[in-house]
Amino acid sequence: MEHVDRNYKLIYDRMVEQMDRSLGYGKMYVDSELNAGVLNFIVKPIVKSFYQYWSDKEARVSTLEQINITLDTAKKLLLNGGVTEEKFNREVESSLKIYLKNDQTTSQCKKSHKNYKKLLAISKDIYVSQVKEAIVMLSVREDVNTYNDLSRVAFKTKENAYRALMIQLDYNEVGISLLEEDESILKIAAGRDIIIRVLRKGFEHTKTALIEELDEIFN
């Protein structure tokens with residue numbers, strides 16, 4: 001099915017672009033927080049080096065792997081006899097472990113913390129919603145050449161696209177709220193409050209950008 005491979009590339013390229021943009025927001029807000037606050041000479045380099053390493057290495061590599069897993073799972077379902085609830089659940093469960101292994105929210109948190117299982121459940125919900133959305137977009141057979149064209153055909157209206165986007169944003173909102181509720185869940189020893197503020201600001205920036213993107217797609 002040539003249309004599946006075509007759509008796969010369009011989605012992959014856009015997701016990578018969005019990932020790099022979000023990581024860029026994070027770096028910007030880390031610099032802003034560190035420059036604005038009065039931090040001692042021990043905390044400041046810890047936070048800076050943590051985020052620099054995390055965003056440049058762990059986050060980008062792992063997020064790319066999650067993108068691949070999500071699209072590959074959706075593609076496999078489409079190319080192997082169609083999507084049924086039973087097949088969907090089986091494929092999601094079989095690929096969930098490696099998806100969660102690459103999840104950057106849970107990987108930076110203590111497994112022994114009271115909220116860790118809640119974060120895991122949220123990450124699974126995000127994965128399920130992403131695979132469902134990928135199936136819709138990969139299924140488009142019409143002649144499309146860009147991601148924007150693909151989105152318009154797949155979701156038909158801005159309202160449908162907005163609902164799909166908000167499902168994932170709402171899950172992310174819950175996850176960040178859990179971190180804000182008790183920052184001791186983070187493994188990092190110092191500067192937890194800064195990291196969480198950066199996550200919040202980066203998320204809000206990304207959310208605004210994605211909603212504005214919908215306005216451009218469905219103008």
Based on what the data block shows, is GLU173 touching a residue at least 24 places away in the same chain (Cβ under 8 Å), acidic (Asp, Glu) and closer than 22 Å to ILE11 by Cβ?
no
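Could you tell me whether any residue of the stretch 136-156 is basic (Lys, Arg) and either touching a Gly at 6+ places or on another chain (Cβ under 8 Å) or free of Cβ contacts under 8 Å to residues at least 40 places away in the same chain (or both)?
Applying the first criterion (basic (Lys, Arg)) to the stretch 136-156 yields 141, 152, 156.
The next check asks that each one be either touching a Gly at 6+ places or on another chain (Cβ under 8 Å) or free of Cβ contacts under 8 Å to residues at least 40 places away in the same chain (or both); those that pass are 156.
Looking for residues that are basic (Lys, Arg) and either touching a Gly at 6+ places or on another chain (Cβ under 8 Å) or free of Cβ contacts under 8 Å to residues at least 40 places away in the same chain (or both), one finds at least one in the stretch 136-156, hence yes.
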Does the stretch 156-191 hold any residues that are under 20 Å from ASP215 (Cβ atoms) and aliphatic (A, V, I, L, M), and which are they?
ALA161, ALA164, LEU165, MET166, ILE167, LEU169
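If you go through the stretch 97-113, how many residues are out of contact with any Ser or Thr (no Cβ under 9 Å at 6 or more places or on another chain) and of a type outside the set (S, T, N, Q)?
4
Condition test on ARG163, is it of a type in the set (D, E, K, R), part of a helix (DSSP H, G or I) and either loosely packed, with under 12 Cβ neighbours inside 10 Å or modelled with pLDDT under 95 (or both)? Don't jump to the end; show me each part of the working.
Values: of a type in the set (D, E, K, R): yes; part of a helix (DSSP H, G or I): yes; either loosely packed, with under 12 Cβ neighbours inside 10 Å or modelled with pLDDT under 95 (or both): yes.
It is true that ARG163 is of a type in the set (D, E, K, R), part of a helix (DSSP H, G or I) and either loosely packed, with under 12 Cβ neighbours inside 10 Å or modelled with pLDDT under 95 (or both).
Please state which one of GLU85, GLU142 is loosely packed, with under 14 Cβ neighbours inside 10 Å and at pLDDT 95 or above. Break it down stepwise before answering.
Numbers: GLU85 fails: at pLDDT 95 or above.
GLU142 is the lone residue from the list that is loosely packed, with under 14 Cβ neighbours inside 10 Å and at pLDDT 95 or above.
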Is it true that some residue in the stretch 100-116 is assigned to a helix (DSSP H, G or I), in contact with a helix residue (DSSP H, G or I) (Cβ under 8 Å, 6 or more places away or on another chain), free of Cβ contacts under 8 Å to residues at least 24 places away in the same chain and not charged (D, E, K, R)?
yes
Is one or more of the residues making up the stretch 57-65 in contact with a helix residue (DSSP H, G or I) (Cβ under 8 Å, 6 or more places away or on another chain), hydroxyl-bearing (Ser, Thr, Tyr) and touching a residue at least 60 places away in the same chain (Cβ under 8 Å)?
no
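The values are calculated or read from the model by the stated rules, or taken from the named source; none is laboratory data. Quick caveat, the model's predicted, so the values are computed rather than measured. As a convention, Cβ positions derive from the backbone with ideal geometry for all residues, glycine included, and neighbour counts pool all protein chains shown.
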